[in-house]
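Visitor: Mind having a look at this structure? Questions to follow.
The values are calculated or read from the model by the stated rules, or taken from the named source; none is laboratory data. Being a predicted model, the structure only gives us computed values, none of them experimental. All Cβ positions, even for glycine, are placed from backbone atoms using ideal geometry, and neighbour counts span all protein chains on display. Surface areas here come from the heavy atoms of the whole protein model, side chains and all, with no ligands, DNA or RNA. Shrake-Rupley method; radii C 1.70, N 1.55, O 1.52, S 1.80 Å.
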Amino acid sequence: KMAAAAAAGPAAAAAAGLWSEVNRCGQNGDFARALKSVNKILQISKDDVTALQCKVVCLIQNGNFKEALGIINTHTKVLTSDIIAFEKAYCEYRLNCIESALKTIQSASQQTDKLKELYGQVLYRLERYDDCLAAYRDLIRNSQDEYEEERKTNLSAVVAAQSTWEKVVPEDLGLREATYELCYNSACALIGQGKLNEAMKKLQKAEELCRQSLSEDSDVTEEDIEAELAIIHGQMAYIMQLQGRTEDALQLYNQIIKLKPTDVGLLAVIANNIITINKDQNVFDSKKKVKLTNAEGVEHKLSKKQLQAIEFNKALLAMYTNQADQCRKLSASLQSQSPEHLLPVLIQAAQLCREKQHAKAVALLQDFADQHPANAAEIKLTMAQLKIAQGSVTKACMILRSIEELQHKPGMVSALVTMYSHEEDIDSAIEVFTQAIQWYQQFQASQTRGANPKSPVHLSLIREAANFKLKHGRKKEAISDLEELWKQNPKDVHTLAQLISAYSLVDPEKAKVLSKHLPSSDTMSLKVDVDALENSHGATYVRKKAGKLTGDNQQKEQGQGEVKKKKKKKKGKLPKNYDPKVTPDPERWLPMRERSYYRGRKKGKKKEQVGKGTQGSTTAGSSELDASRTASSPPTSPRPGSAAAVSATSNVIPPRHQKPSGAAATKKKQQQKKKKGAKGGW
């Protein structure tokens with residue numbers, strides 16, 4: 001397309017030179033300079049088809065897709081779809097107009113190899129993986145060039161996407177995993193199948209191949225290698241997270257973020273995964289990471305399910321950070337995009353519960369269950385959980401019993417029986433057992449055309465029902481279940497014993513008849529070495545080994561018939577002031593307050609002698625310190641209006657600084673005692 005075109009007319013010489021320049025620049029990859037020459041040619045001939053086509057190619061090579069598409073759309077009469085179909089579809093693809101690109105490709109009259117390659121890319125972006133797989137298989141089968149390895153890589157990417165997003169078991173394509181891209185895609189397919197250990201080994205192999213291939217290029221630095229390995233390490237961290245190794249996963253995620261990769265899709269996925277690890281903890285870090293998910297162009301790099309998961313986590317983060325309005329706004333937007341999806345309505349219900357509006361939450365869930373019967377089971381389980389949290393166990397049981405597809409499940413039966421037992425509603429619990437057993441009887445009859453074999457689950461339910469009835473004293477009702485079990489297995493001695501026990505209270509004669517079916521005691525006896533059992537390490541009682549009897553022991557053995565002497569009891573100690581002539585007080589065992597001669601506690605006579613002065617004063621000086629007893633004592637402070645005042649040079653000692661009268665003498669006596677007791681020095 002960059003070849004020079006023959007020009008006619010007066011400007012032939014100038015045009016020929018310009019075409020030569022365009023051709024030379026195109027071969028050298030200098031499309032900016034080529035574009036200038038093409039523009040000069042278009043000034044000479046504005047409707048030159050070849051020049052317009054060359055201009056579109058130059059703009060595409062320079063990354064100006066919008067301008068290139070504008071030229072194509074403004075010259076539709078000259079640039080028909082047969083001529084410019086690939087360039088137009090490619091511009092639309094790069095501008096993320098995927099549906100328009102698909103229409104352009106499908107409307108082309110001739111499907112060239114270039115259009116088929118682009119068709120495969122468009123189908124992948126539209127997540128039409130089955131059609132995409134068929135397109136790449138056709139390309140690999142009908143083309144032989146240097147791009148075969150890239151086509152195989154794309155084919156393996158489609159298989160990995162099917163395994164991850166559509167849960168399709170991938171078929172073995174027989175691709176030789178010689179490149180790190182193929183190893184990486186194979187690992188992604190294994191993750192989709194849940195084979196995490198195998199996927200980790202594939203990723204380790206991909207990392208090794210990537211280092212080998214990039215280290216061969218001398219221009220590639222270690223930072224470039226780490227940047228290329230970022231996507232592989234991100235997938236490794238995801239496997240660690242799925243395996244519960246959250247600390248290791250978090251460390252690896254943060255290492256990738258520190259590298260600051262240019263792939264906004266990779267950063268968004270890693271940030272989202274960190275938010276899921278944080279949950280309702282470390283919300284400030286989560287609020288920082290959520291900004292990475294809002295980067296420009298993220299929506300074109302990730303699949304629909306990835307974008308949806310990110311939006312769900314944003315709503316949950318808003319709930320954890322108490323942004324109720326933001327949470328409602330995000331969850332409502334998600335519900336409008338996917339009306340049948342469970343998570344938006346569950347998030348809204350959780351937010352209402354955080355606001356203590358449980359009734360509104362239950363009503364919201366009930367409306368969703370009515371509108372979407374296919375998802376009603378999971379919603380009703382949530383409603384039952386809310387009712388239990390409110391203490392309405394009976395209402396929770398009613399909701400659970402309304403889930404018809406789960407009524408016969410052992411887990412549901414167990415939950416209902418436990419809840420009814422907690423509410424002491426034994427009749428309802430037995431009714432749950434009866435309904436489940438009847439369901440299995442009908443199911444077995446429909447599957448076996450009238451035959452009546454019992455499945456293990458069916459028999460287990462009958463046994464549990466019988467045990468429950470026996471436990472709660474419903475032996476008459478338990479008899480039919482026990483007879484059914486014994487009929488299925490006549491050698492079951494435990495069931496027979498239960499049946500005899502039940503009949504013994506209802507029909508003793510029947511119990512006697514059934515007891516004949518019990519095995520005899522001879523057949524039931526076990527060969528057990530009692531001595532070995534008693535002398536074993538785990539025995540609680542060990543028999544003493546018999547030793548040789550001495551003379552004294554022999555006498556004791558001979559006198560076994562004699563009565564053993566009783567040990568004399570020691571006499572109790574008597575009090576020191578005990579007088580045998582005086583009769584003990586018969587009320588001595590009673591508390592003092594309860595004795596007949598108790599007259600109450602005597603009032604203290606020394607109350608008046610308590611010192612009223614400073615701490616440490618004696619009773620002797622208390623009367624002297626009592627200012628109330630001295631009529632001539634001056635007032636402690638001058639009265640308002642009087643001229644009397646205490647000067648700074650006055651000899652009067654304030655009351656707080658006065659020494660008690662006996663304090664000095666007491667102190668001297670204490671010092672003398674200390675001197676007498678001192679026997680040594682320092």
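Visitor: How much length would be gained if the chain were fully extended between Arg599 and Lys360, taking 0.36 nm per residue of separation minus their Cα-Cα distance, in nm to one decimal?
Guide: Going from the current span to full extension adds 78.9 nm.
Visitor: Now a separate question. For Val78, Val493, Val582, what's the largest-to-smallest order of accessible area, 1.4 Å probe?
Guide: Val582, Val493, Val78
Visitor: Ok, one more. With every protein chain present, what accessible area does Ser460 have (1.4 Å probe, heavy atoms only), rounded to the nearest 10 Å²?
Guide: 60 Å²
Visitor: Keeping every protein chain in place, order Asp172, Asp113 by accessible area at 1.4 Å, biggest value first, i.e. largest first.
Guide: Order by accessible area, largest first: Asp172, Asp113.
Visitor: Roughly how much of Met319 is accessible, in Å² to the nearest 10, using a 1.4 Å probe?
Guide: The accessible area of Met319 comes to roughly 10 Å².
Visitor: Based on the Kirkwood radius over alpha-carbon pairs, what is the Stokes-Einstein translational diffusion coefficient of the stretch 122-180 at 4 °C with 1.567 mPa s viscosity, in µm²/s?
Guide: Translational D for this selection: 109 µm²/s.
Visitor: To the nearest 20 Debye, how big is the dipole of the stretch 319-411 about its Cα centre, given +1 on the beta carbon of each Lys and Arg and -1 on that of each Asp and Glu?
Guide: That gives the stretch 319-411 a dipole magnitude of about 360 debye.
Visitor: Could you calculate the FRET efficiency of Gln212 with Gln444 from 1/(1 + (r/R0)^6), where r is the beta carbon distance between them and R0 is 51 Å, rounded to 0.05?
Guide: The pair Gln212/Gln444 has a calculated efficiency of 0.25.
Visitor: Something else about it: What distance in nm lies between label points placed 7 Å from Cα along the C-beta direction at Ser501 and Asp285?
Guide: The modelled label-to-label distance comes out at 5.6 nm.
Visitor: Also, quick follow-up: For Tyr578 and Asp367, compute 0.36 nm times the residue count separating them, minus their Cα-Cα distance, and round to one decimal in nm.
Guide: Extending this stretch completely gives an extra 66.9 nm.
Visitor: For the stretch 122-135, take each phi angle, set θ = phi - 60°, evaluate the Karplus expression 6.51 cos²θ - 1.76 cosθ + 1.60, and give the result in whole Hz per residue in order, putting x for glycine and proline.
Guide: 5, 4, 5, 5, 7, 6, 9, 5, 5, 5, 5, 4, 5, 5
Visitor: May I ask you to give the solvent-accessible area per residue for the stretch 409-517, in square angstrom, as obtained with a 1.4 angstrom probe?
Guide: 58 Å²
Visitor: At a Förster distance of 51 Å, what's the computed FRET efficiency of Ile44 paired with Trp165, Cβ-Cβ distance as r, to 0.05?
Guide: The computed FRET efficiency comes out at 0.45.
Visitor: A follow-up question, please. Does a label point 7 Å from the Cα of Gln326, set along Cα-to-beta-carbon, have any residues of the stretch 261-282 with amide nitrogen under 20 Å, and which are they?
Guide: Answer for the stretch 261-282: 268-282.
Visitor: Let me ask something else about it. For the stretch 322-406, what does the relative contact order come out to in percent, with C-alpha contacts under 8 Å and a separation of six or more?
Guide: The value is 19 percent.
Visitor: Counting only other residues whose beta carbon sits under 13 Å from that of Ile231, what net charge do I get with K and R as +1, D and E as -1?
Guide: Around Ile231, the surrounding residues sum to -4.
Visitor: Moving on to the next point. His408's amide H: which non-local residues (gap 5+, or another chain) put their own amide H closer than 5 Å, with H modeled 1.01 Å from N in plane and none for Pro or chain starts?
Guide: Long-range HN contacts for His408: none found.
Visitor: Go through Phe65, Phe368, Phe86 and list them by solvent-accessible area, largest first, probe radius 1.4 Å.
Guide: Descending order: Phe86, Phe65, Phe368.
Visitor: Kindly write out, for the stretch 405-414 in residue order, the coupling ³J(HN,Hα) from the Karplus curve 6.51 cos²θ - 1.76 cosθ + 1.60 (θ = phi - 60°), rounded to whole Hz, with x marking Gly and Pro.
Guide: Once rounded to whole Hz, the list reads 6, 10, 4, 8, 5, x, x, 5, 4, 4.
Visitor: For the stretch 170-279, compute Rh as the Kirkwood radius over C-alpha pairs and then the Stokes-Einstein diffusion coefficient at 25 °C and 0.890 mPa s; write the answer in µm²/s, rounded to an integer.
Guide: My calculation gives 168 µm²/s for D.
Visitor: In addition: For the stretch 322-406, what is the convex hull volume of the alpha-carbon atoms per residue, in Å³?
Guide: 78 Å³
Visitor: What's log10 of I(q)/I(0) for the stretch 12-110 at q = 0.17, 0.20 Å⁻¹, Debye sum over Cα points only, no solvent?
Guide: -0.74, -0.97
Visitor: Something else about it: Can you tell me the FRET efficiency between Cys97 and Lys409 if r is taken as the Cβ-Cβ distance and R0 is 45 Å, rounded to the nearest 0.05?
Guide: 0.35
Visitor: With the convex hull built on the Cα atoms of the stretch 409-517, state its orientation-averaged projected area in nm².
Guide: Result: a mean projected hull area of 7.1 nm².
Visitor: Residue-wise, which Karplus ³J(HN,Hα) couplings in Hz belong to the stretch 260-277, taking 6.51 cos²θ - 1.76 cosθ + 1.60, θ = phi - 60°, and x for glycine or proline?
Guide: Couplings: 6, x, 7, 6, 5, x, 4, 4, 5, 5, 5, 4, 4, 5, 5, 4, 5, 6 Hz.
Visitor: Using a probe radius of 1.4 Å on heavy atoms only, what accessible surface per residue do you get for the stretch 322-406? Whole Å² is fine.
Guide: Accessible area per residue: 54 Å².
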